[in-house]
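Student: Have a look at this one.
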Ligand SMILES: Nc1ncnc2c1ncn2[C@@H]1O[C@H](COP(=O)(O)OP(=O)(O)OP(=O)(O)O)[C@@H](O)[C@H]1O
Ligand SMILES: [Mg+2]
């Protein structure tokens, strides 16, 4: 039987007789070796706003500079770990809970983990922040209007929504709650992908996650 049971939006832990096991290598030791902090960058925004584009480019830049970085992407996540979930309010919430838990493991492993998920609801993102820890969660609002996203329609989702084939597309048939005080806003109507990557790198330097010298390398 599954060790946890789903109760609507919340989950109740039912496992008993379990004890936390400390790892053989601490996070601090890992960070000392890599020369940068483990941290999560949480990219939120409408479908087509540019989350994956930005995360992929940033991941490439960080790894090229010798850092540990990995992207958790919405579509990929739903291919595997969340392939049992749909797009109801409860399922979206559960999806984000799983992302946060996986992201937390990456942070503990010393990675800069880039989470690219629409994650439309503030309460879900706040729970992700609590799960990951305030100092290990940087929220990046990837902003573009619905009209712009519809014009881009990178995956054809807006056309499908217009044809009545998708009822709950965020920004069309389902609401999106923008962050109230994100750590960074990347406006993809005004900033190019290169500028978006540069702004995110600056944020990582400013928050002491990566060294400045690497940023200017
Ligand atoms: N300044 C920009 N930054 C990022 N993407 C841009 C920018 N200008 C145009 N684009 C284009 O917008 C599209 C964004 O698609 P992308 O898949 O990155 O969106 P997404 O936010 O990950 O959507 P989804 O939530 O559906 O996964 C791409 O086709 C990209 O080339
Ligand atoms: Mg994407």
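Bear in mind that the values in this text are calculations on the coordinates, not laboratory data. Please read all numbers here as calculations on a predicted model, not as lab measurements.
Student: From the helices alone, meaning DSSP H stretches of at least four residues, give me the mean residue ellipticity at 222 nm for the chain, per-run term -39500 (n - 2.57), in deg cm²/dmol to the nearest 500.
Tutor: About -12000 deg cm²/dmol.
Student: Between 116, 90, 55, which gets the highest mean-square fluctuation from a Gaussian network model of the chain, Cα cutoff 10 Å?
Tutor: Its mean-square fluctuation being the largest, the pick is 90.
Student: With the chain treated as a Gaussian network of Cα nodes joined by springs under 10 Å, which of 79, 36, 60 yields the largest mean-square fluctuation?
Tutor: Judging by the Gaussian network model, the answer is 79.
Student: Starting from the coordinates of the alpha-carbon atoms of the stretch 48-175, obtain the Kirkwood hydrodynamic radius over all distinct pairs and give the value in Å to one decimal.
Tutor: 15.6
Student: Then there's this: Of the candidates 80, 38, 48, which one comes out as most mobile in a Gaussian network treatment of the chain with C-alpha springs shorter than 10 Å?
Tutor: Of the options given, 80 has the highest mean-square fluctuation.
Student: So, one more: Equivalent-ellipsoid semi-axes (√(5λ), Cα gyration tensor) for the stretch 160-217, whole Å, largest first?
Tutor: 35, 14, 9
Student: Report the semi-axes of the equivalent ellipsoid for the chain in whole Å, largest first, where each axis is √(5λ) for an eigenvalue λ of the Cα gyration tensor.
Tutor: The answer is 28, 25, 13 Å, longest axis first.
Student: Express as a percent, rounded to the nearest 5, the fraction of DSSP beta bridges in the stretch 1-124 (both residues included) that run antiparallel.
Tutor: 30
Student: Here's a follow-up. Subtract the Cα-Cα distance of residue 147 and residue 84 from 0.36 nm times their separation in residues, and report this length gain in nm to one decimal.
Tutor: Going from the current span to full extension adds 19.6 nm.
Student: Turning to a different aspect of this structure: Report the relative contact order of the chain, percent, no decimals, based on alpha-carbon pairs under 8 angstrom and at least 6 residues apart.
Tutor: The normalised contact order for the chain reaches 27 percent.
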